[in-house]
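The values are calculated or read from the model by the stated rules, or taken from the named source; none is laboratory data. Everything numeric in this text was worked out from a predicted model, so none of it was measured. Note: ideal-geometry Cβ built from the backbone for every residue, glycine included; neighbour counts use all protein chains shown. These area figures cover heavy atoms from the full protein model, side chains too; ligands, DNA and RNA do not enter into them. Shrake-Rupley method; radii C 1.70, N 1.55, O 1.52, S 1.80 Å.
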Amino acid sequence: MDNKKSPASAVKGKAVQDKTASAKSGGGAEKKSGTASSKAPAAAPVKPYFAGIDIVKILAVFLVVCIHFFLYNGFYYTPLTNTSAYGPIAFRWIAYTCVPLFMISTGYLMKNKTFSAKFYKGLIKILVIYIFISILCFKFKSHHYYEEFDAWKILRGYLEFDGAQYGWYINYYIGLFIVIPFVNLAFNGCKNNKQKFFLTAATLLLTIVARSFYLGFEQNDQIRALPDYLNGAWPLAYYFTGAFIRDCPPKRNIRNKCIILGVFALATWFITWSTYTQTVADEINDNHFVSWHFNDYGTYPVYVMATCIFLLLFDITTTNKYVKFVLRQLSSVTLALYLISYIFDNMFYGGWQMNPDSPHHQGFNEKYVEVGVKLGHWYEIIPKIFICSLICAIIIHKLYDLGAYLVKQGVEAIKAEKSARDAD
């Protein structure tokens, strides 16, 4: 038999001991106020909340706004022949990790999702928000740029995912979302972490490395080092990376963080140096920004940088309930923020006016003509676009939640009325 006392007998034994001790002390213990028995039980420790993934997603969508800063300010059409270009080029490449960070986060969060109707219902919210923001973008382009849209053009915009100008990500995400349960079967079906590592490494080599790693130094004479037929599947490499980190996270200590930070700095330096060198040598195209093999999300320096950023942030924890609430609210609207930022990009970078009689709004590109000056005043435009997009994204999500609630209530009311009729 188990020698441990039952909870009831333990309490009874404790009462007898207390009574005996009280008798020996002449009842002195009873006369004292605030005895041990009257003390409140210690509060349970607050469980830490892993806020790192929320921070990664918020950072990623902020970097989306940053990467569009380079798209709209004329950076790509300016000669880069001075070493002062190193800073903007490095900043541009750091911002370029935005989409890979979303992809890694998807693998981390969804690695245990299985095939079910409930899982695929998650697409409804994504599609509804995409369609709603597409309508706003159509209205904006019609009013702001005087574009005309007929039914066919609108339908084509929805199906080609350019109704919302940044909707290409929805195109990618839906494709990945559909196969996630089956991709998870492959990953989780591995017998051990070693097999998971080799699955991730093989996918990385045949996609990201195969499409961006060449042998040789002359652009017209280089050869690929690996078979590249599967290179279009590079999003899977990011997905498997996130899933692998979920199962095999590195130890959280200063030494590992310093190593990761060092690798990030090295990768950033390498891609910045190679881009600057190739740009300076490209006199035919007036030394405009160019990178032979790395100007894509699915390239190995970008992969290394994005993975390092994720590893630096994903395991951050907090016990502050207010911080937890704010982070969860912000991270839940990143997709809508991403899509709606197109409108504010076009509003704030260019000039506009509501009608011929209204005052003209001076855009950022009118206020600062030189690209170098624009780069120095990034703080005037990036936070403004981010905050405006964030506010709209929160409103859009609240409207969706309200609509979903009303639909649910309506369905339940219909079911209840039908049950009542059947009972009669």
By the mean-Cβ-within-10 Å protection proxy, highest first, 290-303, 73-86 rank as 290-303, 73-86
Pseudo-spin-label distance residue 280 to residue 186, built 7 Å along Cα→Cβ, given in nm, is 4.2
Quarter of the surface of the C-alpha convex hull for segment 69-159, i.e. direction-averaged projected area in nm², equals 9.6
Rounded to one decimal in nm, the spacing of the 7 Å Cα→Cβ label points at residue 178 and residue 370 is 5.1
Segment 270-424: spread of alpha-carbon positions along the three principal axes, whole Å, largest first, is 85, 53, 35
Output for segment 227-277: trypsin sites (Lys or Arg not before Pro) sitting in coil per DSSP, at most 10 other Cβ within 10 Å, listed by number, reads 251
Ordering 412, 147 by the accessible surface of their heavy atoms, 1.4 Å probe, largest first, yields 412, 147
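Need the full-extension length gain, residue 213 to residue 112, defined as separation in residues times 0.36 nm minus the C-alpha distance. One decimal, nm.
In short, 33.2 nm is gained.
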Once residue 408 and residue 81 are pulled to full extension, the length gained, defined as 0.36 nm per residue separation minus their Cα-Cα distance, is 111.7 nm
Most packed first (mean Cβ within 10 Å per residue), the peptides 101-114, 366-379 order as 101-114, 366-379
Computed from every Cα-Cα pair in segment 234-344, P(r) in 5 Å bins starting at 0 and rounded to whole percents is 2, 9, 13, 14, 17, 17, 14, 7, 4, 2, 1, 0
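Determine, for each peptide in 204-210, 184-190, 415-421, 221-227, the mean count of other beta carbons within 10 angstrom over its residues, then list the peptides with the highest first.
By packing density, highest mean first, the sequence is 204-210, 184-190, 221-227, 415-421.
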Residue 226 and residue 380 label points (each 7 Å along its Cα→Cβ direction) are spaced in nm at 4.5
The chain accessible area per residue, 1.4 Å probe, protein heavy atoms, integer Å², reads 58
Nearest-0.05 FRET efficiency for residue 128 and residue 152 at R0 = 25 Å, using Cβ-Cβ distance, is 0.65
Taking Cα atoms, the helix 168-188 axis meets the longest principal axis of the chain at an angle in degrees (rounded to 10) of 50
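For segment 324-405, which whole percent of the accessible surface, found with a 1.4 angstrom probe, sits on carbon and sulfur atoms? Before the final figure, lay out each step's value.
Values: 2810 of 4250 Å².
Carbon and sulfur: 66 percent of the exposed surface of segment 324-405.
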